[in-house]
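What follows is a short report on a single structure.
Rule-based calculations on the coordinates, nothing more; no lab input. Note that this is a predicted model, so its numbers are computed, not measured. Cβ: placed from backbone, ideal geometry, glycine included. Neighbour counts: every protein chain shown.
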Amino acid sequence: MDEPSRNTLIENARSEADRLNRLVGNLLNMTRIESGAIKLHIEPGDIQDLIGTAIEQLGKRAEKHQIKVNIPEKFPLVPIDFTLMVQVIVNLLENAIKYSPENSTIEISASTNNTQANLQILDRGIGIPPNDLARVFDKFYRVQRPESISGTGLGLSICKGIIETHGGQIRAFNREGGGTGIKIELRLNV
């Protein structure tokens with residue numbers, strides 16, 4: 001086998017192994033969430049670091065999109081389990097990447113009010129049919145699409161479980177002008 005063919009084969013095998021690893025991890029995390037076995041390690045977390053770590057973990061998967069981050073200066077620390085929240089952001093960004101056209105912009109923003117921190121991830125993808133908005137966080141639920149986009153229907157369910165374990169809320173909405181928005185609300189005080 002020539003060198004380019006061998007490299008392509010190795011890259012495909014690595015990509016499939018990563019996908020299988022994420023699937024098994026998602027299944028394990030869903031089991032932990034449902035059994036109440038997730039023990040949060042809450043510490044004051046820097047949202048800018050959280051977003052940066054998630055983007056770094058995406059690696060090459062994020063290269064074909066522009067990710068624009070808008071976090072106000074002096075944003076307060078938020079009580080979170082940093083590792084679990086990174087997983088939430090990675091899952092949400094993976095969905096935004098998967099359902100958005102190449103070279104489109106994915107926006108991440110944060111704001112606060114007196115009692116909560118709000119994070120939003122916004123894309124300009126295909127959006128979610130209105131009848132499916134309330135169900136996208138259900139375990140194994142997938143929006144029926146004619147495209148062959150792979151997935152198990154666990155990512156958003158895991159996000160919801162982690163956010164609710166933090167005492168927060170997550171919801172999906174369609175953006176005006178096209179695309180999907182995900183809003184996360186987390187308490188500033190535990």
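Tabulated values for the structure
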read-out: Asn70-Glu164 FRET efficiency (beta carbon distance; Förster radius 35 Å; 0.05 resolution); value: 0.85
read-out: Cα gyration tensor, the stretch 42-187 - rounded (a/c under 1.5), prolate or oblate; value: prolate
read-out: Entries in Lys74/Lys183; Lys39/Lys98; Lys39/Lys64 that, when Cα-Cα distance is taken, lie over 26 Å; value: Lys39/Lys98; Lys39/Lys64
read-out: Protection proxy ranking, peptides 156-163, 51-58, 131-138, average beta carbon neighbours within 10 Å, highest first; value: 156-163, 51-58, 131-138
read-out: Cα-projected label distance for Thr53 with Asn131, points at 7 Å along beta-carbon direction, nm; value: 4.1 nm
